[in-house]
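Student: Got a structure for you, questions after.
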Amino acid sequence: MADTLPIEQFTSMYRRHYPAVLAYAASQVGRQSAEEVVSDTFMVAWRRLDDIPIPPLPWLLGVTRNHVRQLRRTADRHRTAVMRDGTQAWWERAVADVADVVADRATVIRAAVTLSDHDREVLTLIAWHGLDATKAAKVLGCSAPTFMVRLHRARRRLEKAMDTESRQQSDCPIRTLPTALCR
C-alpha cells in the first residue's frame, strides 16, 4: 500500500498541472516541441518527487524552463553549424514566410515578437500563465522584487514596440495590405 502513495501523488500533480506546463512550454518552443519538453519535465518530477515543493507549479515551470534552454542551446549549435556551411536553415525561411502571412494580426502580437525571449517569458508568466510575481520569480530563479523590475522593464519595452508598430501601420496607405508590403 505504501508503494501506491507516490504514484497517486504524482498522478494527481500530473493531472492538475499538465495543462499549465504544456501551455508554458508551447509558448516557449511551439506546440510540436512542447510535448517532448513536458514529457522530460514530468520525468524529472517523477525522479525527484520527494524534492518537489508545495505548490509544485513554479518548480515544474522552472524545470520546463531549463529543458527549453537546453533545447535552444542545441538548436543554436545546430544553426551555427548550418550557417558555417553558408546555407540558410529551413526554419528561418519558414519563419519569414509565416511572418508575411500573419502580418495583419494585432499590433501587440507584432510588437511582442520584437521583444527578447527573456522579455516575452517575463510577460507571459504573468499574462498568459497567470502566475503572481512570487511564483513567476521562482520559475526564473530570482527574487520577487527582481522579477517586478524585470516585468516593469519588459512592459515598457512592449509599449515602445507597440508604439513603433502603430506608427508603421499608420504609414501604410492601403489598410488591406500586409505591413511588410508597406515598408
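Student: Treat each spin label as a single point 7 Å out from the Cα along the C-beta direction, and report the Met43 to Val113 distance in nm.
Tutor: Distance between label points: 3.3 nm.
Student: What is the local net charge at Ala154, summed over the other residues whose Cβ is closer than 13 Å to its Cβ (Lys, Arg +1; Asp, Glu -1)?
Tutor: So the environment of Ala154 carries a net charge of +3.
Student: Quick check: net charge around Pro58, other residues with Cβ under 9 Å of its Cβ, Lys/Arg +1 and Asp/Glu -1?
Tutor: Surrounding charge for Pro58 is +2.
Student: Testing the spin-label approximation: label points 7 Å from Cα along Cα→Cβ at Cys142 and Glu159. State their distance in nm.
Tutor: Those two pseudo-labels are separated by 1.9 nm.
Just so you know, all these numbers are worked out from the coordinates, no wet-lab data involved. None of these values were measured; they are calculated from a predicted model. Cβ sites come from the backbone with ideal geometry, for glycine too, and all protein chains shown count toward neighbours.
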